[in-house]
Structures are given as C-alpha cells and as structure tokens.
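Reading through the structure tokens given below for one structure.
The values are calculated or read from the model by the stated rules, or taken from the named source; none is laboratory data. Quantities reported herein were computed from a predicted structural model and do not represent experimental measurements. Note that each Cβ is placed from the backbone with ideal geometry, even for glycine, and that neighbours are counted across all protein chains shown.
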Amino acid sequence: MPLIDDRGRLFGKVNVIDVLVGLLVFGLIPLVYGAFLLFRVPAPKITSITPTEVLEHQPATLQITGEDLRPFLHALLGTHEAEAFLIQSPARAEIKLPDLAAGSYDLVLFDEAQELLRMPGALTVVAPPLPPPLPVTEFQVVGRFVDLAVDAAPSIRPGLKLGHGEEDEPLAEVLAVRSPEASVYNVKVGSETLAAPKPGRVTVPAIIRARCAIAGDGCTVEGVALAPGSTVLLPLLAAPGKDGEDRSSPSQVSFVLEEVRPVDARLEFPSDRPTLPRVELQAVGDFALPVDDVPSIQPGLRLGRSEDELFAEVLAVRSPELGVRRLRVGSSVISVPKRGAARVPAIIRLSCEVADDACRVGNVVVAQDATVTFPWADGFAHEGEESLERQLSFAIAGVRSVDSPVEFPSSLIDVQVVGRFIELSKSDAGQFRVGLKFEGRRDEPSAEVLAVQEPVAATQRVRTGLNTQISTPVSGEFAVPAIVRLSCVITPDEACMVGKTSVIPNATIRLPAEAGADQVGLFIDEVWPADSRLEFPSIRKAVATLRVRFLARPEVVGLVKVGDVDVGDPSLVMDGDRASLTSLESERQTTTARAVVDAGVSSNFQFEETVVAFNATLEVPVVLTPSGWRYRDKPVKVGASFSFETMSGFMDGWILNVNVDPKTERVVR
C-alpha cells in the first residue's frame, strides 16, 4: 500500500492535511503553557506579621514580609478596611491599621474584588491594661445634706452608708446629724441678698466619714476635690426603712463640705467647740448702704444679735459720701457713682475671735482692705412690725487698739509741685524764700517752699488783631518760680485736692496766708512725688515743619489763609508757642465723611457731610519728651492726628511729614 494514495490519504486512512493540522495543534500546547508560566501574575504570600498584638483604639502599623507583594492591593482586618497598604519591595510592606476594638482579626488581601490571600487570626487587638488603683484614705467631713425632701430627711441618720454597692467599703458613712433646717433661696433684691424659704425642702447638718482617692496632692470623692465649699453627689442606693426592711430606691444626695478633719478627730459640730478667745479692736473705714439707711448710722449704733456673739459699735461718723463703683477701663481703674448707694466714714469698736495669730469675724481676718459684715436689725420697722435682720458691710481702712483716741486719720498726703507764685507786688515777691510755710487749720492743706528763683515780670495775653495775640508785661505785678512741698486731700476717686481745685498741671490753687492777708496764688506747672530731686526742670524746644493732610468743610476752606495762627489752646500765651500756617497746596479733593455727634450719656447720632481734603505746611513749636516731640501735649510724628483752630474755623487732619530744624533747638529752664 502506498504511503499516500491518489486521494491524498495517509496509508489510505487519514487525510494528510488533517495530520498536519493535528501536529500543529500538538506543537502549540507546550508553547501556550510556557507563555502562561512566563506572563502570569503570581499570588502574594505572607510569611510574617509584626506585631501580631496591638492595643484597641490606638494607631498602629503592621510590618509585612512575604513574596510577590505588589501595589494596588487592598487589606482588610476582619470587616474593617486598612487605612493604607504601602509597598516597600515585593518582599516588604506596611499596613496602617484602622480604629479597632478588642478581638481577633483575619488578614485578607484583595486585588479589586478578588480575594488573593487570607490569614485567619493574624492580628489580636487587646484592651489596655487597667491603671493601678489609686490609694484611698479616710477623712472626717463636716457639712450638710442640702435640698432634701421633707419626708427624706429622717433617712439621714447615724449609720447610713452611701455608695454604689459595688465597693468593698462604702464611699461615706453618716456619723452624726443635727435637726433638719429649712432650705432657702438666696434672692438678689437691689444691692442686697435676701433669704427666701424653699417650700418642701430641708437641709440636714451632718458629720460623715468619707473615703477619698489620693491623686497628686489632692483627694477626691466621686471626682470632686475634698475641700471646704465643694459639693459632692453621693449615691444613696439603700436607705434603711422601718422594721429593718431594705428600700432600694436609686438616688443621689448632695453634700456641701464645710470642714475637713482627720478621721480620728473628735466628733463634734463646730459650734460645739470651746469658745475661742475674743478681743476688741478699733477699726476705721466706711459703711456701704442704701441712701435711705444713712440716718441710722449714728454713734452708739450696735450691730450684732446678742452679747454672746461678735458685735460692733459705732463710735464716730463723718458726713456721708456718694457711693462709688470701681471699674477697670483698659489698664486704668476708675470710680463711677453708684446710684442709690452711699458711703458713711466711721470708727467702730468690734469684737473678733483670735485663732492662728489672726483676729476673725466669721471667716474674714480683720485687716486693712478687708470687708466684714454684721447682723443689723433695721430700725425703720413700723410699730407692731418685726424688724428685718440684714447684713451691714464695713470696709476696713485701718485697725488700731481699742483704747486709741477716737479720731479719724488725716487724709492729707504730700506732693512736690513745680510752678510759680503769681499776682505778687514787687515787695511781696521779695519775701519768698526757702523754708517759707503756708499753714492752715488742722487737717487742712499746707505748703512749704523748697526752692525759689528770681522774681520775673508777670505777663498777660492781649489780642492785637483778628488772628494775633501777644504777651505783654503786667505793670507792677511779678511771679516767683518755686518748688513747693504741698499737702493735699485725697478723695475717694484718688484725686489730690486743695479746696475745690485739683492739683494738676495748669491749675491755680490758693494757699492760706497770714491773718488779715489775701490768699497766695500758686500756678502749677508739674506735679511730682514728695521725695523727688529738687531741681527746676529743663525743657528742650525746637521748631518743626509739618506737612499735614487736612479735612474741613467747604465753608472753612475758604476762610483759611497763609499766616493763620493756631488759637486752640488758651494756655499758650506767646505767639511763638503757637503753630502757624506757612503754605497751602492748590490741589483740592471733595469727598463725603460720616460725622458722629454725642447727644447724651447713652445716645448719639450720625450724619454724612461734604468735606474738602487738602495739604498744608505749618511751622510748629515742639517740646521734646521721652515719647518724642509734642505740641499742645499731643504727639508730633507721622500718622498722628493734628488739629488747627483759627479765629475763623477749625479743621482736623493727620501728619504726612515731620522735619525738626536742629538749628532751632534750645534748652529752657
């Protein structure tokens, strides 16, 4: 038989083409398998995880080692997706853990939605170890159970244990109680606080033994520091009932702490203690009270409930003064009138208890700047009515022995004044010398001359034209520059007064002279502390050229002209002490400004008006101070405000440029 017959069959059975196709297919099988092995992505493998145990709810990172690790994989811990799966190399990776609760978690790696690897129980999350228990100690505490229902008060009795019921020992145990007292509201009525009954509620004074946890340098019960004035909420789970039955009614009671003692202290309420030694003192100060009650404050008035309690007796009073309230405004403290209130300066004799080297009225130590209160039965009750007991406060200004003279301390203080005696004749001016004294009656202001200079002719300001003033000597009148030690009266708002005049720069005060002579006038230039160095001040003056941007109404702009002199400060006598206008720039700019007008104590209104802005140049006499050059006691520097007032108008602006001519600088004493 031929190998291939005439019909193209091999051995007469199989077609040659079919054989060739079959051989080709069999030849492709190893080729395809080799390509699969060469190009397939291997499944990742994990050989180790570090750490395998972490704390719950704590950020952590797992270090993964393995094979064929690659980017873009997703990791799950149980059902929680990891925050990040970070590849360092095919053999190393990191997993940022999400917030996990305690438990065991499988680690699963996904490629899109296909699970590639699962490690059961790969990570264990444990709770953090409990902190060691705080050390516990016990104290004896005096206080009161407050705001109790009337029918609940009998349950507060010795032996009552307070706690959650889970402790080895109760949080507190009642050791002693007193009779219940009516609860009250503290109601503010005007400037007074009154006690109003609280219906159906009582307060039970008690002594308890309390267990507290020591934390740092403090001790706490239920998270509240054990200290006088604190209020602790104590669980009251099982209050003993009648016949010994147990009444389980979960509740809390409030206990206000008044005193904390050692646990083995004697079991006694504060008022049961032996009476502390008492002494009497004399105190100077003032009563603060409503204006209507001022007539009641008279010598002989006695404050206190009985002889057995602390008391005070008024020995002397002065004329009442207006009540004030001290307010902080910025960095300053000012006194403002307090409507309907008064202050009555007084000297009182008071009794106080001596404890720990201090004398106390209640919890207040009797000392300067302290305020004590005494019960006061209002003397204005009508016939047939009971007097209303109130508290009268007394601010202490000074304390002295009870046998001291009953007299008010002097309210005078000394200051040093630099100025000049004025309105003097030539003969009178020659009488002024160091050591000359001006003395009034007791507790009245006085003065002593510490240094003088030669008399100078007195001057008077005279107007010679519309915008011009000159200073001319006054015939036969002289002034004597001097440094004077002056005593003045300090007022409640801390002003220093001579008569009705404040001791401030540019003020003129009148000093007492010899009998039959007129009072002497002293014009004040400067005020210094009494122990300041004796020297007449030197002043550095100069002339500055200012370029100022002004804002003025249109009608004012038409009146302003070169040569105008500032007349805004009447105390500037010489024209050389005043600013003058030297040039006006031609450019004018019209704009709209909003003006605010003060219409009273608590009201104002605003309106818009047309103003003209322009630049001007001025020559301004300036004085050097520690803060820089000044004119009319206002700063002369770029950006500072500047006001210019003529006989015809007024305008405001701000300084654009300052140039002080050094050739004009001079020192004046």
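Would the range 274-295 turn up any residue that is under 39 Å from the mean Cα position of the chain (by Cα), at pLDDT below 70 and on the phi < 0 side of the Ramachandran plot? Checked against the condition, which is being under 39 Å from the mean Cα position of the chain (by Cα), at pLDDT below 70 and on the phi < 0 side of the Ramachandran plot, the range 274-295 yields no hits at all.
Selection of the range 611-632 for residues being of a type outside the set (A, V, I, L, M) and either touching a Ser or Thr at 6+ places or on another chain (Cβ under 9 Å) or not in a loop (DSSP other than H, G, I, E, B) (or both) yields Phe614, Asn615, Thr617, Glu619, Pro621, Thr625, Gly628, Trp629, Arg630, Tyr631, Arg632.
Test Val556 against the stated conditions and say whether it is assigned to a loop (DSSP other than H, G, I, E, B) and β-branched (Val, Ile, Thr). Against the criterion (assigned to a loop (DSSP other than H, G, I, E, B) and β-branched (Val, Ile, Thr)), Val556 does not qualify.
Listed by first and then second residue, the pairs linking a residue in the range 253-271 that is over 14 Å from Pro228 (Cα atoms) to a residue that is part of a loop (DSSP other than H, G, I, E, B) and among the aliphatic types (A, V, I, L, M), with Cβ atoms under 9 Å apart and 6 or more places separating them unless they lie on different chains, are Val253/Ile156. Leu310 fulfils the conditions (1) part of a strand (DSSP E or B); (2) surrounded by 11 or more Cβ atoms within 10 Å (Cβ to Cβ); (3) at pLDDT below 85; (4) not small (Gly, Ala, Ser) except for a single criterion, (1).
Criterion first (within 30 Å of Leu73 (Cβ to Cβ), at pLDDT below 85 and out of contact with any strand residue (DSSP E or B) (no Cβ under 6 Å at 6 or more places or on another chain)) does Ala113 satisfy it? Against the criterion (within 30 Å of Leu73 (Cβ to Cβ), at pLDDT below 85 and out of contact with any strand residue (DSSP E or B) (no Cβ under 6 Å at 6 or more places or on another chain)), Ala113 qualifies. The residue that is modelled with the lowest pLDDT, among those in the range 463-500 that are of a type in the set (Ser, Thr, Tyr) and over 30 Å from Val565 (Cβ atoms), is Thr491.
Residue-wise test of (1) assigned to a loop (DSSP other than H, G, I, E, B); (2) within 30 Å of Leu618 (Cβ to Cβ).
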position: Cys488; (1), (2): no, no
position: Pro505; (1), (2): yes, yes
position: Arg510; (1), (2): no, no
position: Ile524; (1), (2): no, yes
position: Asp531; (1), (2): yes, no
position: Phe536; (1), (2): yes, no
position: Thr545; (1), (2): no, yes
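Residue by residue, here is whether (1) touching a residue at least 60 places away in the same chain (Cβ under 8 Å); (2) exposed (fewer than 12 other Cβ atoms within 10 Å of the Cβ) holds:
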{"site": "Ala122", "(1), (2)": "yes, no"}
{"site": "Pro132", "(1), (2)": "no, yes"}
{"site": "Val142", "(1), (2)": "yes, no"}
{"site": "Leu148", "(1), (2)": "yes, no"}
{"site": "Ala153", "(1), (2)": "no, no"}
{"site": "Pro170", "(1), (2)": "no, no"}
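The set of residues from the range 114-158 being acidic (Asp, Glu) and more than 29 Å from Leu226 (Cβ to Cβ) comprises Glu115, Asp151. Pairs are defined by a Cβ separation below 8 Å, a sequence spacing of at least 6 or placement on different chains, a first member in the range 211-233 that is touching a residue at least 12 places away in the same chain (Cβ under 8 Å) and assigned by TED's automatic domain parsing to the domain that holds Pro170, and a second member that is of a type in the set (Ser, Thr, Tyr) and surrounded by fewer than 16 Cβ atoms within 10 Å (Cβ to Cβ); the pairs so defined are Arg211/Thr137; Cys212/Thr137; Ile214/Thr137; Cys219/Thr137; Thr231/Ser254; Val232/Ser254; Leu233/Ser254.
Would you call Val336 surrounded by fewer than 11 Cβ atoms within 10 Å (Cβ to Cβ), modelled with pLDDT under 85 and either among the β-branched types (Val, Ile, Thr) or under 20 Å from Ser404 (Cβ atoms) (or both)? No: the conditions fail for Val336. The lone criterion from (1) β-branched (Val, Ile, Thr); (2) farther than 30 Å from Asp566 by Cβ; (3) modelled with pLDDT of 85 or more left unmet by Ile509 is number (2). Check the range 98-111 and report whether any residue there is within 17 Å of Pro42 (Cα to Cα) and touching a His at 6+ places or on another chain (Cβ under 6 Å). Within the range 98-111, one or more residues are within 17 Å of Pro42 (Cα to Cα) and touching a His at 6+ places or on another chain (Cβ under 6 Å).
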